[in-house]
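To start, the structure itself, in structure tokens.
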Amino acid sequence: MRLAESRTSNAIRAIRTIGKLGNKAQYEFDESDIRKIAGALMKEIDAMKARMGDRGSRDKVEFKL
């Protein structure tokens, strides 16, 4: 329970940090970059669900813009 809470909190903080890239005064990006980042995060969430569920998948999600 303690590990799950700590790791989930860390993941949420990391996602919030990624969200700070939305500052257009500091960073340059387009809609396709947003889709790639969100897609990679969603794939990793799906992989996490599979690992924790009945399917027990060991797939790793790789990301590169």
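The values are calculated or read from the model by the stated rules, or taken from the named source; none is laboratory data. Since we're looking at a predicted model, the values are computed, not measured. Don't worry about glycine lacking a Cβ; one is built from the backbone with ideal geometry, like all the others, and counts go over all protein chains shown. Remember, those area values only see protein heavy atoms, side chains included, never the ligands or the DNA or RNA. Shrake-Rupley method; radii C 1.70, N 1.55, O 1.52, S 1.80 Å.
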With label points set 7 Å from each Cα along the Cα-to-Cβ direction at K49 and R7, the distance between them in nm comes to 1.8 nm
At 0.36 nm per residue, and after removing the present C-alpha to C-alpha distance, how many nm does the segment from A14 to E31 gain when stretched out fully? 4.1 nm
In the list (1) 1.08; (2) 0.99; (3) 1.05, the entry giving Rg/Rh (Cα atoms, Kirkwood Rh) computed from the coordinates is (3)
Tell me the mean residue ellipticity at 222 nm calculated for the chain from its helices only (DSSP H runs of n ≥ 4, each -39500 (n - 2.57), averaged over every residue, nearest 500). -21000 deg cm²/dmol
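About the Cα centre of the stretch 1-57, how large is the charge dipole given +1 on each Lys and Arg Cβ and -1 on each Asp and Glu Cβ? Please answer in debye to the nearest 20.
So the magnitude is around 260 debye.
Keeping the other protein chains in place, figure out the carbon and sulfur percent of the accessible area of the chain, with a 1.4 Å probe.
Working: 3280 of 6040 Å².
Roughly 54 percent of what the probe reaches on the chain is carbon or sulfur.
Tally Lys and Arg at +1 and Asp and Glu at -1 over the other residues with C-beta under 15 Å from the C-beta of L65: what net charge comes out?
Working: positive: R35, K36, K43, K64; negative: E28, D30, E31, D33, E62.
Counting the neighbours of L65, the net charge comes to -1.
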Reachable lysines from K43, Cα under 22 Å, same-chain residues fewer than 8 places away excluded? K20, K60, K64
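Find the accessible area per residue for the chain; the probe is 1.4 Å, ligands and nucleic acids are left out, and the unit is Å². Before the final figure, lay out the partial values.
Values: 6040 Å² over 65 residues.
Computed with neighbouring chains in place, this is 93 Å² per residue.
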